[in-house]
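One structure below.
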Amino acid sequence: MQYISTRGQAPVLSFGEAMMTGLARDGGLYVPQAVPTFTADEIAALAGLPYEEIAFRVMKPFMGDTFSDEEFKGLIARAYAGFGHAARAPLVQLGPNHFLLELFHGPTLAFKDFAMQLIGQMMQAALAKTGERITIVGATSGDTGSAAIEAFKGLANVDVFILFPHGRVSEVQRRQMTTPTEGNVHALAMDGDFDDCQARVKDMFNDFDFRDGVRLAGVNSINWARVLAQVVYYFSSAVSLGAPLRKVSFTVPTGNFGDIFAGYIARQMGLPIEQLVIATNQNDILDRAMKSGAYATNGVKPSISPSMDIQVSSNFERALFDAYGRDGAAVAQLMAELKAGGFTISQGALEILRATFASGRCSEDETRATIQNFAAATGEVLCPHSAVGVKVAEEHLGAAPMITLATAHPAKFPDAVEAATGQRPALPARMADLFDRPERVTRVPNDLAALQALVRERIAR
Ligand SMILES: Cc1ncc(COP(=O)(O)O)c(C=O)c1O
Ligand SMILES: N[C@@H](CCOP(=O)(O)O)C(=O)O
């Protein structure tokens, strides 16, 4: 199994190399040269298996000889041992044909833990073999950062720097990033929005002196391993509702397009997915692009679902690569136009994208109303991101069961949930003292040279 860049100009890599490389050296994103497929019998055989075994079977064909089977099974077991639900990703029924896939039972209460806990294990195993030291720099709108810090804190051969937009994450999210005491954790509150944070991380990867000098690694969904680990729960949930004999649909609250791209990979592998629905908040660039063909940024607007306050949706590049017939030069051209504000998707590519994804948008008022209505009608308290998904899913219900991804725990966004329901959701007992712990954070400017100097100075200590 080999990995190629969406811009066609970077070295072809193995799984292990792609995981440690992050962004391709031509600025693109790594994708499998060919996606492995499962037969209907192989999919049917997943039903009833523990989540860890499904994870092993789904991911193994992508990994080449990076890990032995026994080693990989051990890494998976350690990754999910700390989850607070035996099923790892349980399904809850919301209505006659609508289910919620709860992805928030990991240590930091968001779906990011599924991939980040595993990447933490895999990177540690890889580093133990080479004896190398790495510097992780990540961008977050709130959840990737806390999951990455949880997965890498305290490791002797890793420093982890997380850029988050100052004042634009929830207080729980911020405290999850700023209260760990381990010296290898560096929480950086940057002036700007998430798109600025992500752009500075990509700038660091594109500066080869810096990148090679600090041995830069990425744990955003830039990293193919992040996407791969998220493919698993599409399989686990679909087989529990009758796949492959019965088709299922998914609605995915979407920002950086990593989670829904994992669903797209599951479908390419042979999982019978009827609809794959993109659900956006008021930062609706993806919904607008699907409807009009114009992919144009118009500024990030802060919302009550802050983790999805994104306009430059990194993984959309992976979908464009396929929609443009895997033409790396065409993708490179589109990404150059995006730097100047946007591009128009060709008619042919748009038709392919529309045949692959549906989309919808949820306003702030609709998000609040959805939280309120579902709490009253079903008792399920949704986080604002999951509510965006549920509202859009309700507009796309069809014959196949609809599974909406519940991407975060409501207690990460207590103000928004309390405003909608009148009830303040409680954090799990293990985090009950989160608001009493001292915070450690550095305020940083949106300035590449200043950020690079800070990283260099901290890792030299
Ligand atoms: C809670 C939550 N929901 C949804 C999303 C959107 O996921 P993606 O960026 O993979 O589209 C994010 C951020 O990534 C998130 O943190
Ligand atoms: N919503 C994310 C944004 C970063 O996305 P990623 O999947 O590329 O890491 C967050 O919570 O940080």
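The values are calculated or read from the model by the stated rules, or taken from the named source; none is laboratory data. Computed from a predicted structure; not experimentally measured. Every residue, glycine as well, gets a Cβ built from its backbone with ideal geometry; the counts of neighbours run over all protein chains shown. For the accessible areas, the whole protein counts, side chains as well, though only heavy atoms, and no ligand, DNA or RNA atoms are used. Shrake-Rupley method; radii C 1.70, N 1.55, O 1.52, S 1.80 Å.
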(message) At 1.306 mPa s and 10 °C, plugging the Kirkwood radius over alpha-carbon pairs of the chain into Stokes-Einstein gives what diffusion coefficient in µm²/s?
(response) 72 µm²/s
(message) Given the options 169, 206, 438, identify the residue whose Cα lies farthest towards the positive end of the charge dipole of the chain (+1 on Cβ of Lys, Arg; -1 on Cβ of Asp, Glu).
(response) 438
(request) Taking H placed 1.01 Å from N in the peptide plane, check which residues at least 5 places from residue 251 or on another chain put their amide H under 5 Å from its amide H. (result) 277, 403, 404, 405
(request) Between residue 437 and residue 337, take the C-beta separation as r, use R0 = 41 Å, and let me know the FRET efficiency to the nearest 0.05. (result) 0.35
(request) Using only the Cα atoms of the stretch 266-360, build the gyration tensor, take square roots of its eigenvalues as a ≥ b ≥ c, and label the shape rounded, prolate or oblate: rounded if a/c is under 1.5, else prolate if a/b is larger than b/c, else oblate. (result) oblate
(request) Kindly provide the Kirkwood hydrodynamic radius of the stretch 182-226 in Å, to one decimal, from all pairs of distinct alpha carbon atoms. (result) 12.0 Å
(request) First measure r as the distance between the Cβ atoms of residue 456 and residue 92, then evaluate 1/(1 + (r/R0)^6) with R0 = 60 Å and state the FRET efficiency to the nearest 0.05. (result) 0.80
(message) Which one, 387, 453, 398, is farthest towards the positive end of the dipole of the stretch 370-461 when Lys and Arg carry +1 and Asp and Glu -1 on their Cβ?
(response) 453
(request) For the stretch 353-458, report the translational diffusion coefficient in µm²/s to the nearest whole number, using Stokes-Einstein at 20 °C, 1.002 mPa s, and a Kirkwood Rh over Cα pairs. (result) 127 µm²/s
(request) Choose one of 376, 117, 408: the residue whose Cα lies farthest towards the positive end of the charge dipole of the chain (beta-carbon charges +1 Lys, Arg; -1 Asp, Glu; about the Cα centre). (result) 117
(request) Mind jotting down the distance between the C-alpha centroids of the stretch 438-461 and the stretch 79-158, whole Å? (result) 24 Å
(request) Calculate one ³J(HN,Hα) per residue across the stretch 79-95 by plugging θ = phi - 60° into the Karplus curve 6.51 cos²θ - 1.76 cosθ + 1.60, and present them in order as whole Hz with x for glycine and proline. (result) 4, 9, 4, x, 6, x, 9, 4, 7, 6, 10, x, 9, 10, 8, 9, x
(message) On a 29 Å Cα-Cα criterion, which of the cross-link pairs 247/391; 129/202; 60/412; 153/339; 73/129; 60/247 come out too long?
(response) 60/412; 153/339
(request) Assign unit charges at the C-beta atoms only (+1 for Lys and Arg, -1 for Asp and Glu), then state the dipole size of the chain relative to its Cα centre in Debye, rounded to the nearest 20. (result) 300 debye
(message) Highest mean first, how do 437-444, 452-459, 307-314, 256-263 rank when packing is the count of other Cβ atoms within 10 Å averaged over residues?
(response) 256-263, 307-314, 452-459, 437-444
(request) Would you mind pulling out the separation of the Cα centroids of the stretch 211-243 and the stretch 1-78, in Å? (result) 9 Å
(request) Determine the share of the chain's accessible area contributed by carbon and sulfur atoms, expressed in whole percent, with a 1.4 angstrom probe. (result) 51 percent
(message) Per residue, how large is the accessible surface of the chain? Use a 1.4 angstrom probe and give square angstrom.
(response) 35 Å²
(message) Between residue 354 and residue 60, what is the label-point separation in nm under the 7 Å Cα-to-beta-carbon projection?
(response) 4.2 nm
(request) Over the residues of the stretch 220-308, compute the C-alpha Rg and express it relative to 2.2 N^0.38 Å. (result) 1.19
